[in-house]
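First the structure, in the form of structure tokens, and then the observations on it.
Just so it is clear, none of the values below were taken in a lab; they were calculated from the coordinates. Just so it is clear, the structure is predicted and the values come from calculations on it, not from any experiment. Every residue, glycine among them, receives a Cβ derived from its backbone with ideal geometry; neighbour counts consider all protein chains shown.
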Amino acid sequence: MDLIEPLSLDEAYLDVTENRTGLPTATLVARTIREHIRQELNLTASAGVAPNKFLAKLASDWRKPDGLFVIQPEEVDVFLLSLPVGRLPGVGKVTEEKLAKLGVKTVADLRKLDLPGLEQNFGRCGVRLNELARGVDESEVVPDRPTQSISVEDTFEQDVPLSETEPMIRHLAEKLWSAPRKESRIARTVVLKLKTSQFKILTRGHAPDSPPSSCEELTDIALKLRERMDLGPQQRYRLVGVGLSNFREREETTAQPALFE
């Protein structure tokens, strides 16, 4: 059985360490999947091919909304070293600012810090930063992982101001609301994600007293979260996403109408 780990409603990891298709390379597997999606669904799809999950996610985002990017093992250093540290998973605004105070703006800068120093400044996260700076990620592709969050996102063809993101937010909220789900757990938190033209990721979340009982309620919450994102009229955004997180068992929730029931 193929090892597939869903990452969102329209994104997943596929482990091709063991060749099950007869195709000679992972790159050809990715091209074939993209072509099947185009032929069967008339949709575009981006794909990233890399030695591990962390790098594959970066590669997948590199040429969205319709591209294929490959990081060969011998190309990892070339790809990573000039990358802003804000592009690394888990490096939010606070961590990025703390790294900047240490003179770290790129992955190349981050590599100059030794592990004891990173641990002293960032605790256990310092170990992870040290690994990511070197392209190391030992996490496996895990199918059937219990849902922690689900989301949908899309990249604009051109960067847009915040005021022009509403139609996409509405579209994604509708897509998220109508998505089929296998399990009975209920999401408690609505999340809005925006990525600036400088690739800075912003997220805001809200957990209402009871889960939204309609697509309209979900959309309304997402649009209100947008009001907490404003970085000024000059800022442009290249990606928007709407998600649900903080899944709970039914008995842990109130008797209000359940999301996705």
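I'd like the GluC sites (Glu not before Pro) in region 82-158 restricted to DSSP loop residues with at most 16 other Cβ atoms within 10 Å, sorted by number.
Those that pass, being in a loop and sparsely packed, are 138, 140.
Provide the net charge surrounding residue 59, with neighbours chosen by a C-beta distance below 11 Å and charges set as Lys +1, Arg +1, Asp -1, Glu -1. Working shown, then result.
On the way: positive: 53, 57, 63, 64; negative: 61, 75.
Result for the local shell: +2.
Report the semi-axes of the equivalent ellipsoid for region 3-71 in whole Å, largest first, where each axis is √(5λ) for an eigenvalue λ of the Cα gyration tensor.
Largest first, region 3-71 gives 17, 15, 12 Å.
Just one of (i) 30, 25, 20; (ii) 34, 24, 17; (iii) 39, 28, 16 is semi-axes √(5λ) of the Cα gyration tensor in Å calculated from these coordinates, so which is it?
Structure-derived value, by its label: (i).
Where Lys and Arg each count +1 and Asp and Glu each count -1, what net charge lies around residue 28 among other residues with Cβ under 15 Å from its Cβ?
Value of the local net charge: +2.
Are there chymotrypsin sites (Phe, Trp or Tyr not before Pro) in region 174-237 that DSSP puts in a loop and that have at most 16 other Cβ atoms within 10 Å, and which ones?
199
Hey, which of these cross-link pairs are over 21 Å Cα-Cα: 57/112; 57/101; 64/193; 195/224; 53/112?
Beyond 21 Å between Cα atoms: 57/112; 57/101; 53/112.
Near residue 98, which aspartates and glutamates are there with a Cα under 14 Å away, not counting those fewer than 8 places off in the same chain?
Here the aspartates and glutamates satisfying the reach criterion relative to residue 98 are 109, 119.
Under the Karplus relation 6.51 cos²θ - 1.76 cosθ + 1.60, θ = phi - 60°, what is the ordered set of whole-Hz ³J(HN,Hα) values for region 97-111, x standing for Gly and Pro?
Along region 97-111, the couplings run 5, 5, 5, 4, 5, 8, x, 9, 10, 10, 4, 4, 5, 4, 5 Hz.
When the Kirkwood radius is taken over all Cα pairs of region 34-143, what Stokes-Einstein diffusion coefficient follows at 37 °C and 0.692 mPa s, in µm²/s? Show your work: numbers first, answer last.
Numbers: Rh = 15.1 Å.
The diffusion coefficient I find is 217 µm²/s.
DSSP loop GluC sites (Glu not before Pro) in region 213-247 with at most 13 other Cβ atoms within 10 Å of their Cβ, which ones?
In loop regions of region 213-247 (DSSP not H, G, I, E or B), the sparsely surrounded GluC sites (Glu not before Pro) are 227.
For region 84-172, what are Rg and Dmax over the alpha carbons, in angstrom?
Expressed in Å, the Cα Rg and Dmax of region 84-172 come to 17.2, 47.
Pull out the extension gain between residue 134 and residue 98, defined as 0.36 nm times the separation in residues minus the alpha carbon to alpha carbon distance; nm, one decimal.
Length gained between residue 134 and residue 98: 11.0 nm.
For region 82-133, what percent of Cα pairs sit more than 16 Å apart?
Percent of Cα pairs beyond 16 Å in region 82-133: 24.
Return the percentage of antiparallel bridges among DSSP beta bridges fully within the chain, rounded to the nearest 5 %. Walk me through the intermediate numbers first.
Values: 30 of 33 bridges.
The antiparallel proportion sits near 90 percent.
Show that you can apply the helix-only estimate: for the chain, add -39,500 (n - 2.57) for every DSSP H stretch of four or more residues, divide by all residues, and state [θ] at 222 nm to the nearest 500.
Estimated from H runs of four or more residues: -10000 deg cm²/dmol.
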